[in-house]
């Protein structure tokens, strides 16, 4: 790094850590300069240990009968999942349930069987596995320890000590095979942070059941301290050309430090971690959460991850008597609003930008068994913010909140009656998204009008400017294809973040922003957006924006939606390009592109397979329709999407939309 970059980092470290920040910066510099064979000896300092008399305070304060009253069908599902874990079966992301009973290997890719070594963490070269079919995320998944919370909940619900014993044995085995900081599971502070939070939540549930933690060996508690020490020395923040480089990973780092400090406050050294973590979160909220509530990485998946992290941390802080800053509460509130406003008719968030399905903690269900309509997470927001409208919206989805608060607080959800008001159109100006919708008719049009400006990172951004996701009358038409892989296959990675895989226009067979083949988390900016123009009347809303590919070539898109009939018209104007290709990725199961096309161009139509990622690593068959033509420097094409026939009479009255 350049001197100016070190100075930029120094400012952050001093604000967060005080004078200790100088030592941490020196450590960071030494790690870069000193060969790992020598640097590893700086990790020989013995950590302070947790006293055998340490106490952990839980806030559940209820019993199994209370849980069964609220969630009559869930107890059996949790026990079934825990019983599979006892047999060493685990769910690994999109791979589903996998049997590890013969050999619980913490360092292997369970899909490709690639074996990572157990060397010192800074010696391990993750990039050596890139574009080889091996996905480091599949190795990390098991060591995130989501399974710990399942075992703890099964113990809490049944009192069967087999589950508690298995959790302890399971954790001890991990420690034996993953001494800090050796092995692949110590190479990412985000992975360390997620693991620490899950282990802490498991401890809280056990402490509530036993009213103490005497059954937990001090080795396990000291391991959590090792996690905190590692995170402090490896914060995921950098500086490049004078600009800070950080994102959702850093939020998870600060969250874990705060949570460790709150729960293990009997250890004097961790008390500072509370203020460090909360101070860091407040700084990152200021930087990463845009004024409209969207996260600045141009990914709704990471918006959701950051929100969940802030909610869990905020509730733990509230339980322990900390008062959140007004900025913290206001930003979290806006983020919750965005989740609701951007939810499709099927209850899912569109996969705008990268989507790896990652979550901080699994407090309801166990991966595929969990609810995925976002209401469980919104219930956390309802409690933290004491918002009646969120309580009313999420009162049937309290499975996650139950494990974080006194069950007596759940009664206020049952009584909540204030409805959440969803506008028919919403401009997320700073995040670059515009939504047109009618919840009653199940119309939903999401328009990528522009990208966040300023020092917003592009690592999780796609070439999706002026793209659309369209649902009419509950029928999905176009879709964002999501993210199938990050580093296992660069060809697939680049294909799915290309503008050719999004419902927008490709000019001169080029990309909106430069995608370098071997740089999976970088887009080199080329295309800029113009001013977003919005006009509305009683029955019609029109949103317009422009993508300037260069000084000569541009694509202007106008989206008009009739709030009365549900009809949709898209008009594209191409300037300065020799050729243009309209890409329409279809939602799986949508066989035909049902639109009336009006243009003077001679369009040639082709259909290609689309690697639609129904989940990270899981491909579902779909297709993309391409309409191509020579444009001779200027061209215009109009697409009209009519509602289904049951709305035909209403449509006839709307002369503008059928012209």
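Please indicate, with yes or no, whether at least one residue in the range 185-207 is in a loop (DSSP other than H, G, I, E, B) and on the phi > 0 side of the Ramachandran plot. No: the range 185-207 contains no residue that is in a loop (DSSP other than H, G, I, E, B) and on the phi > 0 side of the Ramachandran plot. With respect to being surrounded by 15 or more Cβ atoms within 10 Å (Cβ to Cβ) and either at pLDDT below 90 or out of contact with any helix residue (DSSP H, G or I) (no Cβ under 9 Å at 6 or more places or on another chain) (or both), residue 82 falls outside the description.
Of all residues in the range 564-578, those satisfying the criterion of being under 15 Å from residue 508 (Cβ atoms) and crowded, with 23+ Cβ neighbours inside 10 Å are 574, 577. The residue list 461, 448 contains one member that is in contact (Cβ under 8 Å) with a residue 12 or more places away in the chain, over 19 Å from residue 642 (Cβ atoms) and in contact with a strand residue (DSSP E or B) (Cβ under 9 Å, 6 or more places away or on another chain), which is 448. Based on this model, can you work out whether residue 265 counts as buried (at least 23 other Cβ atoms within 10 Å of the Cβ) and not in a helix (DSSP H, G or I)? Against the criterion (buried (at least 23 other Cβ atoms within 10 Å of the Cβ) and not in a helix (DSSP H, G or I)), residue 265 does not qualify. Residue count for the range 611-628 satisfying the condition of being over 23 Å from the mean Cα position of the chain (by Cα) and touching a residue at least 40 places away in the same chain (Cβ under 8 Å): 6. Residues in the range 93-121 that are in a helix (DSSP H, G or I) and buried (at least 17 other Cβ atoms within 10 Å of the Cβ) were compared, and the one that is modelled with the highest pLDDT is 121. Of the residues contained in the range 590-599, none is found to be within 30 Å of residue 96 (Cα to Cα) and in contact with a helix residue (DSSP H, G or I) (Cβ under 7 Å, 6 or more places away or on another chain).
If the condition is being over 15 Å from residue 197 (Cβ atoms) and at pLDDT 95 or above, then the range 222-235 contributes 229, 232, 233, 234, 235. Go over the candidates 476, 520 one by one and state the one that is surrounded by fewer than 22 Cβ atoms within 10 Å (Cβ to Cβ) and under 15 Å from residue 355 (Cβ atoms). None of the other options fit; the residue is 520.
The listed residues are 165, 137, and the only one of them that is surrounded by fewer than 24 Cβ atoms within 10 Å (Cβ to Cβ) and without any contact (Cβ under 8 Å) to a residue 12 or more places away in the chain turns out to be 165.
Pairing residues of the range 329-350 that are in the same structural domain as residue 437 (by TED's automatic domain parsing) with residues that are assigned to a loop (DSSP other than H, G, I, E, B) and at pLDDT below 95, at Cβ distances under 6 Å and at least 6 apart in sequence or on separate chains, gives no pairs at all. Residue count for the range 403-461 under the criterion of being in a loop (DSSP other than H, G, I, E, B) and under 30 Å from residue 239 (Cα atoms): the result is 17.
The values are calculated or read from the model by the stated rules, or taken from the named source; none is laboratory data. Treat the numbers as computed from the prediction; the structure is a model and nothing was measured. With ideal geometry, Cβ positions are generated from the backbone for all residues, glycine too; neighbour counts draw on all protein chains shown.
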